[in-house]
Amino acid sequence: MRKRTTAYCTVLLLGALFGCAHDQQGPIIYPIATGSHAFNYSVMEKPHRYIVWSTHPTVTASVTQVLQSNRQTVVERAQLERAFDEQRIRLTHTSDDETQLLRVGKLIGADQIVFADHTSDKDNRNLYRLMVRVRAVDVETGEIKWNGSAWYPERMVEEESGLFKLAAVAMFRATCMVERGAKWTAYSASGGGCSKK
């Protein structure tokens, strides 16, 4: 009962926070989302210690908010930076960074790292094509535990608010346990949500 109440409150909170996306003419544009998770993995049903590693601060804030609203622990960026300094690690913005992050994550006691990437393509009319992808990787095994993507089917006026909403929708879609009776609602006031049993 407590899990169902928590999930319901989270969906209501996000619906109130996010609302719907519109362009300047007013039509509602809903995000599209896909996601999956490792078979038989209890997504966010037990406490984990996460590192959030993102390509955009707004995406980081949204992913962190979703994790914390589900009673998960998120390692502070300052603690991560200290570990980089102690280990004399300098990230090069290449694929080698992920290996370094997994190693440091293990050192500071994280269970998983959420990698969150975004795409923001601005056209000559100052409209944005937006997409956010998230995936949680186990620091011990390197296994992807869950992943999700969310994007708007049309270009958007607001980049920051669009990225914030898409990151949350991608997170909810990635962690929605439909095989255990949860129901994913693709179109709602929040742009999508997961009602858990």
Cα→Cβ-extended label distance, 7 Å offset, between Val178 and Thr73, nm: 3.3
Counting all C-alpha pairs of the stretch 23-180, share separated by more than 29 Å (%): 21
Cα-centre dipole for the stretch 23-180 with unit charges at Cβ (Lys and Arg positive, Asp and Glu negative), debye to 20: 220
23 Å Cα-Cα threshold exceeded, pairs from Lys46/Lys106; Lys122/Lys183; Lys106/Lys145: Lys122/Lys183
Signed unit charges on C-beta, dipole axis of the stretch 23-180, positive-most listed residue Cys176, Thr141, Gln65: Cys176
Additional length obtainable on full extension of the chain from Thr119 to Glu86, 0.36 nm per residue less Cα span: 8.7 nm
FRET efficiency, Thr141 to Ser161 (Cβ-Cβ, R0 35 Å, nearest 0.05): 0.45
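Just so you know, all these numbers are worked out from the coordinates, no wet-lab data involved. These numbers were taken from a predicted model, which means no experiment stands behind them. All Cβ positions, glycine included, derive from the backbone under ideal geometry; neighbour counts span all protein chains shown.
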